[in-house]
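Visitor: Quick one: this structure, given as structure tokens, is what I'll be asking you about.
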Amino acid sequence: MDMAEKKKSVSLLRSSGVVGVMTLVSRVLGLVRDVVIAGYFGASGSADAFFVAFKIPNFLRRLFAEGAFSQAFVPVLSEYRSQRDLAAVRLLVQRVAGSLGSVLLLVTLIGVLGAPLLAALFAPGFYLAGGEKFELAAQMLRITFPYLLLISLTAFCGGILNSYERFAVPAFTPVLLNLVLILAAVVLSPLFDPPILALAWGVFMAGCVQLLFQLPFLARMRLLPVPQVGWRDEGVRRILKLMLPALFGVSVAQVNLLLDTVLASFLQTGSVSWLYYSDRLSELPLGVFGIAIATVILPSLSRKHAEKSSLQFMQTLDWAVRMVLLIGIPAALALILLAEPLLTTLFQYGEMSGHDVAMAARSLRAYGLGLVAFMLIKVLAPGFFSRQDTATPVKIAAWAMLANMVMNLILIWPLAHAGLALATSLSAFMNAGMLALGLMRAGVFRWQPGWALFGLRLALANLALAGLLLWLGRPLQQWLEAGLWLRVQWMLVLVLAGVAVYAGVLLAAGLRLRHLRA
């Protein structure tokens, strides 16, 4: 490897670290936000209604903005950056902004006007039961739905910044959502009747704040768009062509989670909230590490494909998979073995009962089983999208979604809401496996040397970690009876001891920082 390649390798590792740190700050604040929401509203019917009203625009945002649009936009923008001048890049950005904005505005108007229909579609159990919960969900959806427009434009701005290696700003932006929702729950909720409405308005305000935050950074790069509708533009047409099939490509996990919400609306009150809280915990390592790595490698893979650097393309993908396993396996073990302690320490205050903790722990363990697969999907899908191949991931996603639906119907009967989470995890493994096989068959991914030794080191470290967590574990009742600070102390001991043992065994087995470079 020459000096230039070494610098690129270090830069990739550093960039993923920056994104990871910024995302960690966001996710920690997200947990604080959920602790506040749990304390104020628990797993009540009004909380169920808010989570549905928040999840619908959030799902569409992940599907269209962060999923299909970003995976189509970033490769094309990276190609323009590599092969054309700044004027051509600026024109593409302006025409994409105008075209995307016009569609989003229309969708937002339809969503606001059709809020009751959407609430009935995505939470049919609420609709069939009738009453206040369904009406409240529809009312809040009218307030939260414009978040789709605002956050999608924010994701568009973030895609530009990521393409120019300005990763920190888009990674930090979600912090603003969490801060605004915390303030809404604490400061605004006493002013509303019912108080939960404050959270819906908080979502809307957060979308405005996040979009405005990123605009000055684009202005400094001379890429602040003046929107122009340009459907006939070559770049816009290419993005649309890539985007349409990608709607189900990388976002299949989000589709599966939404299906969970639809089916959970038929279960006992609290089921939607239990799935939400457990999903939020599983999203912490996924967002901090899986999405951080995926964010960094997509522009890199796109450039390597444009430059026809096939070996470097393979090495980058191989590095991403190793990093996912290095972080994902111990994180999954922690979620599975420490489900009750984590939920108790973070959420079991105020309106959140011990029964809610026990129920949420069931679905958290099920999501934990699929954590590595969720993370692998995030880093394997860019292997297709960077090559502007959206057809293959969409076929794989369709099969995985079908499998998820079948397993949902099978597992919901014996396991209730936990069965929905387990079906999502199992379908994620199917998705990740098929993505890996597809990349190998296309000849763009091969396992690089050193996997046998790397796998042995991982196995030893994770066995040591699991043994430690089982040895230090305490019964659920002790966690429920302990006060806040005692819970925090116990959790800190578990976390610090786990990190020390895991890292210590890896070092003793010979793993060094140089082995983690791309």
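Visitor: Would you mind finding the one in Ala397, Ala391, Ala436, Ala432 that is modelled with pLDDT under 90 and within 16 Å of Val379 (Cβ to Cβ)?
Guide: From the options Ala397, Ala391, Ala436, Ala432, the qualifying one is Ala397.
Visitor: What's the number of the only condition in (1) buried (at least 24 other Cβ atoms within 10 Å of the Cβ); (2) assigned to a helix (DSSP H, G or I) that Met352 fails to meet?
Guide: With (1) buried (at least 24 other Cβ atoms within 10 Å of the Cβ); (2) assigned to a helix (DSSP H, G or I) applied to Met352, the lone miss is (2).
Visitor: For residues that are touching a residue at least 12 places away in the same chain (Cβ under 8 Å), within 26 Å of Thr390 (Cα to Cα) and of a type in the set (A, V, I, L, M, F, W, C), tally how many sit in region 92-123.
Guide: Going through region 92-123 one residue at a time, the tally reaches 8.
Visitor: Please determine whether any residue of region 75-86 is among the β-branched types (Val, Ile, Thr) and either farther than 29 Å from Val272 by Cβ or modelled with pLDDT of 85 or more (or both). Walk me through it before giving the result.
Guide: Of the residues in region 75-86, the ones among the β-branched types (Val, Ile, Thr) are 76.
Those left that are additionally either farther than 29 Å from Val272 by Cβ or modelled with pLDDT of 85 or more (or both): 76.
The answer is yes; a qualifying residue exists.
Visitor: In this structure, is Leu117 in the same structural domain as Val96 (by TED's automatic domain parsing), under 18 Å from Leu259 (Cα atoms) and surrounded by fewer than 22 Cβ atoms within 10 Å (Cβ to Cβ)?
Guide: yes
Visitor: Next up: Among the candidates Arg474, Arg457, Arg446, single out the residue that is part of a helix (DSSP H, G or I) and charged (D, E, K, R).
Guide: Arg457
Visitor: Considering only residues of region 144-168 that are closer than 18 Å to Gly290 by Cα and of a type in the set (A, V, I, L, M), which is modelled with the highest pLDDT?
Guide: Ranking the qualifying residues of region 144-168, first place goes to Ala155.
Visitor: Pick from Leu420, Leu426: which is of a type in the set (A, V, I, L, M), surrounded by 13 or more Cβ atoms within 10 Å (Cβ to Cβ) and touching a residue at least 60 places away in the same chain (Cβ under 8 Å)?
Guide: On the way: Leu426 fails: touching a residue at least 60 places away in the same chain (Cβ under 8 Å).
Matching residue, one of Leu420, Leu426: Leu420.
Visitor: Looking at region 497-512, can you tell me whether even one residue there is closer than 20 Å to Asp356 by Cβ, touching a helix residue (DSSP H, G or I) at 6+ places or on another chain (Cβ under 6 Å) and surrounded by 13 or more Cβ atoms within 10 Å (Cβ to Cβ)? Full working, then the answer.
Guide: Start the filter on region 497-512 by keeping residues that are closer than 20 Å to Asp356 by Cβ, which leaves none.
There is no residue in region 497-512 that is closer than 20 Å to Asp356 by Cβ, touching a helix residue (DSSP H, G or I) at 6+ places or on another chain (Cβ under 6 Å) and surrounded by 13 or more Cβ atoms within 10 Å (Cβ to Cβ).
Visitor: Return a yes/no flag: does region 346-357 have any residue that is touching a Phe, Trp or Tyr at 6+ places or on another chain (Cβ under 8 Å), over 14 Å from Pro285 (Cβ atoms) and modelled with pLDDT of 85 or more.
Guide: Yes, because at least one residue in region 346-357 is touching a Phe, Trp or Tyr at 6+ places or on another chain (Cβ under 8 Å), over 14 Å from Pro285 (Cβ atoms) and modelled with pLDDT of 85 or more.
Visitor: What pairs can you find where one residue is in region 202-231 and under 16 Å from Arg95 (Cβ atoms), the other is assigned to a loop (DSSP other than H, G, I, E, B), and their Cβ atoms are less than 6 Å apart, with a gap of 6+ or different chains?
Guide: Leu218/Leu224
Visitor: Among the listed residues Leu325, Leu335, Leu342, identify the single one that is surrounded by fewer than 21 Cβ atoms within 10 Å (Cβ to Cβ) and either of a type outside the set (Asp, Glu) or over 20 Å from the mean Cα position of the chain (by Cα) (or both). It would help to see each step written out before you state the result.
Guide: Details: Leu335 fails: surrounded by fewer than 21 Cβ atoms within 10 Å (Cβ to Cβ); Leu342 fails: surrounded by fewer than 21 Cβ atoms within 10 Å (Cβ to Cβ).
One residue alone meets the criteria, Leu325.
Visitor: Looking at (1) farther than 20 Å from Ala332 by Cα; (2) part of a helix (DSSP H, G or I); (3) without any contact (Cβ under 8 Å) to a residue 12 or more places away in the chain, which is the only condition Val499 fails?
Guide: For Val499, the failing item is (1).
Visitor: Residue by residue through region 329-351, note down the ones that are of a type in the set (Val, Ile, Thr) and either over 17 Å from Leu275 (Cα atoms) or touching a residue at least 60 places away in the same chain (Cβ under 8 Å) (or both).
Guide: Quick first cut of region 329-351, residues of a type in the set (Val, Ile, Thr) only: 329, 336, 344-345.
Hits for region 329-351 are Ile329, Thr344, Thr345.
For (1) within 20 Å of Glu283 (Cα to Cα); (2) crowded, with 17+ Cβ neighbours inside 10 Å; (3) in the same structural domain as Phe73 (by TED's automatic domain parsing), each residue gets a yes or a no:
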| site | (1), (2), (3) |
| --- | --- |
| Ile151 | yes, yes, yes |
| Thr154 | no, yes, yes |
| Leu161 | no, yes, yes |
| Ser189 | no, yes, yes |
| Phe192 | no, no, yes |
| Phe204 | no, yes, yes |
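Visitor: OK, next. Would you mention how many residues in region 284-314 are within 13 Å of the chain's Cα centre (by Cα) and at pLDDT 80 or above?
Guide: The qualifying residues number 1.
Visitor: Given the criterion over 30 Å from Ile239 (Cα atoms) and either modelled with pLDDT of 95 or more or among the hydroxyl-bearing types (Ser, Thr, Tyr) (or both), identify the matching residue among Ala366, Ala418.
Guide: On inspection, the qualifying residue turns out to be Ala366.
Visitor: Do you know which of the residues in region 34-59 that are of a type in the set (Phe, Trp, Tyr) and over 24 Å from Thr108 (Cβ atoms) is surrounded by the fewest Cβ atoms within 10 Å (Cβ to Cβ)?
Guide: Tyr40
Visitor: Regarding Val180, is this residue more than 26 Å from Gly111 (Cβ to Cβ) and assigned to a helix (DSSP H, G or I)?
Guide: For Val180, the condition - more than 26 Å from Gly111 (Cβ to Cβ) and assigned to a helix (DSSP H, G or I) - is not met.
The values are calculated or read from the model by the stated rules, or taken from the named source; none is laboratory data. Not measured: the values here are computed from a predicted model. Please note: Cβ atoms are built from the backbone with ideal geometry, for glycine as well, and neighbour counts cover all protein chains shown.
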